[in-house]
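The block underneath contains the structure these notes are about, expressed in structure tokens.
The values are calculated or read from the model by the stated rules, or taken from the named source; none is laboratory data. All figures in this text were calculated on a predicted structure; none of them were measured in a lab. With ideal geometry, Cβ positions are generated from the backbone for all residues, glycine too; neighbour counts draw on all protein chains shown.
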Amino acid sequence: MVTLVRAAALTGFAEVMRALGGDADRALRHAGLRRALVREPDQLIEAAVAQQLVEDAAEATQCDTFGLRMAESRQLSHFGVVSLLLLHQPTLRQALVTLIAYSHMLNESLAIQMEDAGSVVILREDIVASRPMRQSVDLAIGVLYRMCAALLHERWRPLRVCFDHSAPGDLSVYQRLFACPVQFDAEFNGIVCKAADLNEPNPLADPALARYAKTLVDAQMSARDASTGQQVRRAIYLLLPSGRATCADVAQGLGRSMRTLQRSLDAEGLSFTSLLDQVRQDLVQRYLANPHYDMGQIAAMLGYGSHSAFTRWFGAQFGCAPQEWRNTKRRR
């Protein structure tokens with residue numbers, strides 16, 4: 001199944017490309033995208049094409065903060081009709097719950113989870129992709145950060161922003177966008193904030209407008225419901241690094257029983273085990289590309305209790321040892 005994203009995901013692409021001396025029209029043509037199509041924010045395009053476009057642009061312009069620069073111009077209105085629903089939620093927490101519920105309408109490759117951990121809340125966010133998509137991850141985290149700031153203004157005081165990739169040579173864009181510490185080489189992508197901040201009342205909330213917006217969004221959502229397989233893949237992406245990507249945990253997170261989840265996957269010709277394996281294959285390539293992750297850490301982040309079990313699995317999937325794979329990629 002082709003994974004789709006609204007063309008609004010490329011908002012700011014042409015402007016950033018031009019500012020860096022690149023040719024946006026040529027890049028779009030090379031990706032098979034028409035400029036007129038991209039100008040229609042609700043037009044659906046292939047997520048993989050949009051993601052690779054941004055990655056290629058970063059390489060062409062030699063700018064490793066390309067995605068983050070795109071995020072700097074994002075407004076709440078770029079979420080389309082969903083933005084009206086977000087704007088009128090009573091608290092940021094409820095706005096995030098709403099964003100998670102409707103995220104597949106914006107970007108089917110986007111995985112978001114809100115995890116309460118005592119006095120803090122962890123907003124985990126990632127891009128479901130078969131290869132490292134650093135620029136798309138930066139863009140997604142930047143957009144999420146700006147959404148929270150748009151709703152809370154000066155009351156938005158996150159504790160830190162986390163990226164699983166290494167720090168770039170120039171941190172100025174990160175420092176300009178994020179008014180908090182930024183952690184690189186983290187074990188997840190996301191934002192850590194105070195639980196109390198998420199419960200701050202939203203003075204702009206209007207229950208009547210929220211109900212009206214929900215009617216509009218639900219009308220669109222009926223034709224865009226995510227498949228069970230897509231939902232499970234996104235959940236595994238977020239839960240695997242914390243060691244909680246079991247069928248029971250995923251079912252609970254999706255509000256279903258294990259039996260119901262398994263029946264839905266069976267109907268789509270899928271199994272939880274096969275989806276878990278697919279996500280591990282995606283993530284292991286991203287983790288091995290980061291030289292700051294040692295093999296023991298990677299094994300744990302993929303849910304393996306021992307390095308030997310991870311090595312056996314990797315050999316069966318890729319035909320070589322993980323260190324050999326990493327060394328080969330470094331030489332290229």
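Here are the numbers for this structure:
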| read-out | value |
| --- | --- |
| Answer residue from segment 137-189, given it is farther than 20 Å from Arg286 by Cβ and polar (S, T, N, Q) and is farthest from the chain's Cα centre (by Cα) among those | Ser172 |
| Of residues in segment 41-56 being surrounded by 13 or more Cβ atoms within 10 Å (Cβ to Cβ) and of a type outside the set (A, V, I, L, M), the one nearest to Gln220 (Cα to Cα) | Gln43 |
| Scan of segment 135-171 for residues that are under 28 Å from Asp56 (Cα atoms) and of a type in the set (D, E, K, R), ordered by number | Asp138, Arg146, Asp164, Asp170 |
| Residue that is surrounded by the fewest Cβ atoms within 10 Å (Cβ to Cβ) [pool: residues in segment 115-141 that are modelled with pLDDT of 95 or more and under 17 Å from Ala95 (Cβ atoms)] | Ile122 |
| Pick from segment 65-81, criterion at pLDDT 95 or above and of a type outside the set (A, V, I, L, M), ranking: surrounded by the fewest Cβ atoms within 10 Å (Cβ to Cβ) | Glu72 |
| Search result, residues across segment 242-257 that are among the β-branched types (Val, Ile, Thr) and in a helix (DSSP H, G or I) | Val250 |
| All positions within segment 82-99 that are among the β-branched types (Val, Ile, Thr) and either buried (at least 17 other Cβ atoms within 10 Å of the Cβ) or part of a loop (DSSP other than H, G, I, E, B) (or both) | Val82, Thr91, Thr98 |
| Wholly enclosed helices (runs of 4 or more DSSP H) of segment 258-332 bearing at least 1 residues over 21 Å from the mean Cα position of the chain (by Cα) and among the small types (Gly, Ala, Ser) | 258-267, 272-288, 295-301, 307-318 |
| Those residues of segment 1-27 which are crowded, with 17+ Cβ neighbours inside 10 Å and farther than 17 Å from Arg69 by Cβ, in sequence order | Thr3, Leu4, Val5, Arg6, Ala7 |
| Hits in segment 170-184 - residues which are surrounded by fewer than 17 Cβ atoms within 10 Å (Cβ to Cβ) and closer than 23 Å to Ser73 by Cβ | Asp170, Leu171, Ser172, Gln175, Arg176, Ala179, Cys180, Val182 |
| Boolean, Ile45 is within 18 Å of the chain's Cα centre (by Cα), free of Cβ contacts under 8 Å to residues at least 60 places away in the same chain and over 22 Å from Leu238 (Cα atoms) | yes |
| Criterion: within 26 Å of Ala186 (Cβ to Cβ), among the acidic types (Asp, Glu) and surrounded by fewer than 17 Cβ atoms within 10 Å (Cβ to Cβ) - qualifying residue of Asp277, Asp218, Asp266, Asp206 | Asp277 |
| Selection status of Glu59, at pLDDT 95 or above, surrounded by fewer than 16 Cβ atoms within 10 Å (Cβ to Cβ) and either within 22 Å of the chain's Cα centre (by Cα) or in a helix (DSSP H, G or I) (or both) | yes |
